[in-house]
1. In the range 212-239, how many residues are open to solvent by less than 80 Å² (accessible area, probe 1.4 Å) and of a type in the set (V, I, T)?
2. Hey, can you tell me all the residues within the range 132-153 that are open to solvent by 50 Å² or more (accessible area, probe 1.4 Å) and in contact with a Gly (Cβ under 8 Å, 6 or more places away or on another chain)?
3. Within the range 87-98, track down each residue that is farther than 18 Å from A71 by Cα and loosely packed, with under 14 Cβ neighbours inside 10 Å.
4. Given the criteria within 25 Å of the chain's Cα centre (by Cα), open to solvent by 40 Å² or more (accessible area, probe 1.4 Å) and either in contact (Cβ under 8 Å) with a residue 24 or more places away in the chain or closer than 29 Å to Q16 by Cβ (or both), does A66 qualify?
5. Cβ-Cβ below 9 Å, separation at least six or inter-chain, first residue in the range 109-121 and in contact (Cβ under 8 Å) with a residue 40 or more places away in the chain, second of a type in the set (S, T, Y) and open to solvent by 50 Å² or more (accessible area, probe 1.4 Å): which pairs?
6. For T74, are the conditions met, namely being closer than 30 Å to G19 by Cα, of a type outside the set (A, V, I, L, M) and free of Cβ contacts under 8 Å to residues at least 40 places away in the same chain?
7. Looking at P82, P33, P50, which is the one that is open to solvent by less than 70 Å² (accessible area, probe 1.4 Å), more than 30 Å from G188 (Cα to Cα) and out of contact with any strand residue (DSSP E or B) (no Cβ under 8 Å at 6 or more places or on another chain)?
8. Which one of these does V124 not meet: (1) farther than 27 Å from S202 by Cα; (2) among the hydrophobic types (A, V, I, L, M, F, W, C); (3) open to solvent by less than 60 Å² (accessible area, probe 1.4 Å)?
Amino acid sequence: NSGQNTNSISVNWNSQNGGNICVTADNACGSSPAVCIPVTVDTIVVPALPTGNTVVCAGATHTYSAAALPAGSTYQWTVAAPAILVSGQGTSQISVTWGNTPSGNVCVNTTGDCGASAQACLPVSITSIPAIPVVGGNAVVCAGNTETYTLNPVPGATVYDWQVTGGTIAGGNGTATIQVLWDNMATGGSVCATAGNACGNSLPACLNITINPMLAAPVIAGDATLCPGDSGSYSILPI
């Protein structure tokens, strides 16, 4: 840039390949032998995208890694709350415990002699255990009848597990709607359900059931043999 023919110069390095700085001392009798020093040109090292799980469960801890850096460079990791960087800051590998948010990022940048790089960020999708469902359907039923019970869709749930006492699931287990055949001899029962996904199952929601028994067949008492024109009297015992 400047300083030629003086004892000090300014140089702008245009290449990452580096080069040599050489100088001779000159006068009317000629030039001295050249003296040279080699110059290495450093660059800001931009890290590659971190590697690790991109679909995780809330509360789970996972490991994330970055590619090796040239000597003299360091790592700076960033995760946003409620995620927690558990260990590994400043190294090529960290552990992260994920919070209960829909998504997050694992970001890393590097610092070296030439300064800090831009961040490289890995997007992460976070899944939570589903909320407790709500069971809907008749709570007072007749023995021997088949009734339908339903759940409102629970966000994030991929399967529903039902448990029934006092009856039998006739169809629909694993879905949001089931049919229950109530036992002839039962006087009470329950319908319970959990919502689940890859991260686990919710606590159960239960609906208590009252089962009214089937009525006994009446027995008719009265005149069984009559003459034409006679009146007969008939009755049953109260049920």
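1. Total satisfying the criteria: 0.
2. Our first condition is that a residue be open to solvent by 50 Å² or more (accessible area, probe 1.4 Å); within the range 132-153, this holds for 132, 134, 138, 140, 142, 145-146, 148, 150, 152-153.
Listed by number, the residues that qualify are T148, T150, N152.
3. Passing the criteria: only S87.
4. On the way: within 25 Å of the chain's Cα centre (by Cα): yes; open to solvent by 40 Å² or more (accessible area, probe 1.4 Å): no; either in contact (Cβ under 8 Å) with a residue 24 or more places away in the chain or closer than 29 Å to Q16 by Cβ (or both): yes.
Taking the combined requirement at face value, the residue does not satisfy it.
5. Between residues of the range 109-121 that are in contact (Cβ under 8 Å) with a residue 40 or more places away in the chain and residues that are of a type in the set (S, T, Y) and open to solvent by 50 Å² or more (accessible area, probe 1.4 Å), the close pairs are N109/T78; T110/T74; G112/T43; G112/T74; C114/T43; S117/T111; Q119/T78; C121/T78.
6. Values: closer than 30 Å to G19 by Cα: yes; of a type outside the set (A, V, I, L, M): yes; free of Cβ contacts under 8 Å to residues at least 40 places away in the same chain: yes.
Considered against the rule, which asks whether it is closer than 30 Å to G19 by Cα, of a type outside the set (A, V, I, L, M) and free of Cβ contacts under 8 Å to residues at least 40 places away in the same chain, T74 comes out as yes.
7. On the way: P33 fails: open to solvent by less than 70 Å² (accessible area, probe 1.4 Å); P50 fails: out of contact with any strand residue (DSSP E or B) (no Cβ under 8 Å at 6 or more places or on another chain).
Only one candidate qualifies: P82.
8. (1)
The values are calculated or read from the model by the stated rules, or taken from the named source; none is laboratory data. What you see is a predicted model, and the numbers here were worked out from it, not measured in a lab. Backbone-built Cβ (ideal geometry, glycine too); neighbour counts: all protein chains shown. Protein only, heavy atoms only, side chains kept; ligands, DNA and RNA dropped before computing areas. Shrake-Rupley method; radii C 1.70, N 1.55, O 1.52, S 1.80 Å.
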